[in-house]
1. Would you calculate, for the chain, the mean residue ellipticity at 222 nm contributed by helices, counting each DSSP H stretch of 4 or more residues as -39,500 (n - 2.57) and dividing by all residues, to the nearest 500?
2. To make sure I understand, if each residue's beta carbon is the centre and we count other beta carbons within 10 Å, what order do W192, W201 fall in, fewest to most?
3. Could you check what % of the DSSP bridge pairs in region 1-150 are antiparallel, to the nearest 5?
4. Hey, rough spin-label estimate for I8 and R139, points 7 angstrom out along Cα→Cβ, what's it come to in nanometres?
5. Name the residue farthest towards the positive end of the dipole of the chain from the options I170, M63, P84, assuming +1 on Cβ of Lys and Arg, -1 on Cβ of Asp and Glu, about the Cα centre.
6. How large is the direction-averaged shadow of the alpha-carbon convex hull of the chain, in nm²?
7. What list do you get for R185, R198, R139 if you sort them by fewest beta carbons within 10 Å?
8. Cross-link candidates for K115: which lysines have Cα within less than 23 Å, leaving aside residues fewer than 8 places away along the same chain?
Amino acid sequence: MKLYGNAISTCTRKVLCTLAEKGAQLEFIPIDIMKGEQKNPDYMQAHQPFGVVPALDDDGFKMYESRAIMRYLDDRLPGPKLTPADPKERARMDQWTSVEYSYFSGPAMRIVREKIFHPMRGLPVDAKTVDAGKAELTRTLEVLENQLANQPYLAGHELSLADIGYLPYIEYLFAAQEGELISARPHVATWWQRTSERSSWQSLPRVG
């Protein structure tokens, strides 16, 4: 089994954390996204036609999209199950994964691009874009705060793939000096501490 990705990529980090939770090892093939290797025609033709990371090759079975890869690995590999067996909890996991995709990762990464990647490239920071992203995240985080007031993880009492999906974006928010979005909400802050202190997440190289 091979994973093509980059250790600073948010989507690659989700998959690596999933693998660590499962106690699994595979061959990691680094793709230098800063040099644009993910746009190389050979890579796109063989692994990811949209020119991003990660991509998985399981003995000739190839797939891409991090959330789909995470589900596949959870089904495919031995180790703790990260998808709830209970239908209601499984539906909650899917719901919060959708919330991450629809309402969280986008505005989070707009902030990160402005405050981390634009300065790295000598580009100005657009404060209006940052403020708009923070406003979107504020609304989403209030919803998460209400959910996490009653349970330790998003889908229930055990860690699921939904929780893992948020971790890389929150880590980058702290690196962008916007960690107060998390720390100002006690239930979200406690959940972040609980999940980010797990050995699976701590095994990844840090960013920021």
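Derivation of every value follows stated rules applied to the coordinates shown; laboratory data play no part. It should be emphasised that the depicted structure is a prediction, and the values quoted were computed from it without experimental measurement. Positions of Cβ are backbone-derived with ideal geometry, glycine not excepted, and every protein chain shown enters the neighbour counts.
1. On the way: 10 runs with 107 residues, N = 208.
Only helices count here, giving -15500 deg cm²/dmol.
2. Numbers: W192 23, W201 19.
Exposure proxy ranking, most exposed first: W201, W192.
3. 65 percent
4. Rounded to a tenth, the inter-label distance reads 3.2 nm.
5. Positive-end residue among those listed: I170.
6. 11.5 nm²
7. Taking fewest neighbouring Cβ atoms as first place, the list is R139, R198, R185.
8. K14, K35, K128, K134
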